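**Student:** Got a structure for you, questions after.
Values quoted throughout were computed directly from the atomic coordinates according to the rules given, and no laboratory measurement underlies them. Just so it is clear, the structure is predicted and the values come from calculations on it, not from any experiment. Neighbour counts are summed over all protein chains in view; Cβ atoms, including those assigned to glycine, are modelled from backbone coordinates with ideal geometry.
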Amino acid sequence: MGDSLAQIINARPVGAWLLLFFVVLGFAVTSKAQGNKHKPLILSAEIVKGMMIYKLDGKRVEDSKSNSLLTNLTAIVRARGNAIPVFVIVDVRAPFSEVGKLDTALAKADLLRERKLFVTNFRDGTMNEIHWDETGIPIPLN
């Protein structure tokens, strides 16, 4: 009963402590990887000084051929799968055709399952979600 913690640790074989260490390390790595798979992907298009700037999870893309949006999306799908939520954030000053461009890139990477579209004013931080509906709405003729 009077054993100190140091005596108990010294009494255990080193192999048992190493095994315990690797088991705990394995759980930590597995939970980190699984947490990253469900983390939403953020794709943004912002007008800065008259130019469209694309970012994927805060990292600028489309600034070189090797750093294209599609290349980065494909790498993310390989690493995390295609069942991840995607938040598309488009600058309110951007032409609406930007939504189509981003949607096309997401479709090519097979990332349309769980996507949400937001229009934002980056200057004042306001943001609104655009809801897509599969049902067409008739346009009145009169």
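**Student:** Place +1 on the Cβ of every Lys and Arg and -1 on the Cβ of every Asp and Glu in the stretch 40-130, take the dipole about the Cα centre, and give the residue among Ile76, Pro95, Leu43 whose Cα lies farthest towards its positive end.
**Tutor:** So the residue furthest toward the plus end is Ile76.
**Student:** Amide H of Arg115: which non-local residues (sequence gap of 5 or more, or other chain) have their own amide H closer than 5 Å, using H built in the peptide plane?
**Tutor:** Residues meeting the amide H criterion: Val86.
**Student:** Here's another thing I want to ask about it. Can you work out ³J(HN,Hα) from phi for every residue in the stretch 88-104, in order, using Karplus 6.51 cos²θ - 1.76 cosθ + 1.60 and θ = phi - 60°, giving whole Hz and x for Gly and Pro?
**Tutor:** Result, ordered by residue: 9, 10, 10, 4, 4, 7, 6, x, 5, 4, 4, 4, x, 4, 5, 4, 5 Hz.
**Student:** Taking 30 Å as R0, compute the FRET efficiency from the Cβ-Cβ separation of Ile137 and Thr104 and round it to 0.05.
**Tutor:** That gives a FRET efficiency of 0.80.
**Student:** Counting only residues 5 or more places away or on other chains, whose amide H sits under 5 Å from the amide H of Ile89 once H atoms are built in the peptide plane?
**Tutor:** Here the answer is Leu43, Ser44, Ala45, Phe118, since their amide H atoms fall under 5 Å of that of Ile89.
**Student:** Can you work out the Karplus-derived ³J(HN,Hα) for every residue in the stretch 112-125? Use 6.51 cos²θ - 1.76 cosθ + 1.60 with θ = phi - 60°, whole Hz, and x for glycine or proline.
**Tutor:** 8, 4, 10, 9, 10, 10, 10, 10, 9, 9, 4, 6, 10, x
**Student:** Under the rule a/c < 1.5 gives rounded, and otherwise a/b versus b/c splits prolate from oblate, where does the stretch 40-130 land using the Cα gyration tensor?
**Tutor:** Here the stretch 40-130 falls in the oblate category.
**Student:** A further question follows. Which order, highest average first, do 131-140, 84-93, 43-52 follow once you tally other Cβ atoms within 10 Å for each residue and take the mean per peptide? Could you put the intermediate results ahead of the total?
**Tutor:** Numbers: 131-140: 5.6, 84-93: 18.2, 43-52: 14.1.
Packing proxy ranking, top to bottom: 84-93, 43-52, 131-140.
**Student:** For the stretch 51-66, what does the Karplus curve 6.51 cos²θ - 1.76 cosθ + 1.60, with θ = phi - 60°, yield as ³J(HN,Hα) per residue in whole Hz, taken in order and with x for Gly and Pro?
**Tutor:** Once rounded to whole Hz, the list reads 10, 7, 10, 9, 9, 10, 6, x, 9, 5, 10, 6, 9, 7, 5, 6.
**Student:** How far apart, in nanometres, would the label points at Asp63 and Ala94 be if each is projected 7 angstrom from Cα along the Cα-to-Cβ direction?
**Tutor:** Result: 1.7 nm between the two label points.
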